[in-house]
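Presented below is the structure to which this report refers.
Bear in mind these aren't lab numbers, they're just calculated from the coordinates by the rules spelled out. Quick caveat: nothing in here was measured; it's all calculated off a predicted structure. Here the Cβ positions follow ideal geometry from the backbone for every residue, glycine too, while neighbour counts run over all protein chains shown.
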Amino acid sequence: MIVDTLLLLKAILLGILEGMTEFLPVSSTGHLIIAGDLLGFTGDSAKTFEIFIQLGSILGVVWLYRHKVTGIARTLDQPASQRFVLNLFIAFLPAAVVGLLFHGAIKVYLFNPVSVAGALIVGGVLILLIERRARSPRIHSVDDIRPLDALKVGIAQCCALFPGVSRSGATIMGGLLSGLSRTAATEFSFFLAIPTMFAATLYDLYKSRGLLVADDVPIFAAGFIAAFLTALVVVRLFLAYVARHDFSAFAYYRIGFGLVVLAYFW
């Protein structure tokens, strides 16, 4: 098996980009679509690669929160753990249903740089508006979230089915609007990513199984590992950041980046 060194380098760069952006409110899918276009890393195989490396990022979160995850698994007979799992299921359900219904149309019509750029800009403006809305958080821990709060976050997550909106951005903003503190909304977004991204990624890989070939293993592995290692670092830094800052900086970045992309691809 001969591995193209340049292709391997592109895979590593895209893996790092995935790990950097997956859990920030800036849209990892949008960045990967745009970066793939700039690098000439396009086509059906490239789309499958971009789906696969998301598993690397989400496993990074599982590893960071492994004590919480294993603790819940060991105490599923206790009300607190049952309530936490129920909340995740409630929040997961809306996007799962909508995604199954419109998965094909979304991939065909919306996975392009111009649509992504528009979503980046609109999402940035919405983040600024939400940040300027006066509120006092009533929920400061993910363990105190109620089913109705989880449902609101789940409905907000449906917006992220539009490429460029950002899954983490939609769920965090939905959490803030529902009365969660910045840290609680961010952590719940991380936990919700585990079932959501596993389900979406495995479903996409199943649908694209005919495109998977043995020669792509080194490329996929390099992107996967790069995404995993990068996510380990970025998630820690992001949590430290949101404990002391709001999300306005990400909003301005989205707007600026979106305008640059529109100008480039127009």
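In table form, for the structure just shown:
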| item | result |
| --- | --- |
| Sorted by Cβ neighbour density within 10 Å, fewest at the top, the residues H103, H140 | H140, H103 |
| The stretch 59-127-the stretch 200-266 distance, computed between alpha-carbon centres (Å) | 14 Å |
| Estimated [θ] at 222 nm from DSSP helical runs (n ≥ 4, -39500 (n - 2.57)) normalised by residues in the chain, nearest 500 | -25000 deg cm²/dmol |
| Efficiency of FRET between Y253 and F102 - r from beta-carbon atoms, R0 25 angstrom, step 0.05 | 0.35 |
| Where labels lie 7 Å past Cα in the beta-carbon direction, separation of A73 and V217 in nm | 2.6 nm |
| Those trypsin sites (Lys or Arg not before Pro) in the stretch 206-253 that DSSP places in a loop and that have at most 15 other beta carbons within 10 Å | R244 |
| Sequence-separation-based contact order of the chain, relative, with Cα cut under 8 Å and 6+ spacing, percent | 39 percent |
| FRET efficiency estimate (nearest 0.05) - Cβ-Cβ, D143 to L229, R0 35 angstrom | 0.75 |
| Label-point separation, N112 to S45 (7 Å along Cα→Cβ), nm | 2.5 nm |
| Linear extension gain, L38 paired with A80, 0.36 nm per residue minus alpha-carbon span | 10.4 nm |
| Given charges at beta-carbon only (K, R positive; D, E negative), |dipole| of the chain in Debye | 760 debye |
| Label zone at R236, where the point sits 7 Å out along the Cα-to-Cβ direction: the stretch 51-87 residues whose backbone N lies under 11 Å | 64 |
| Lysine pair number, Cα distance threshold 27 Å (strictly under), the chain, separation 8 or more or different chains | 8 |
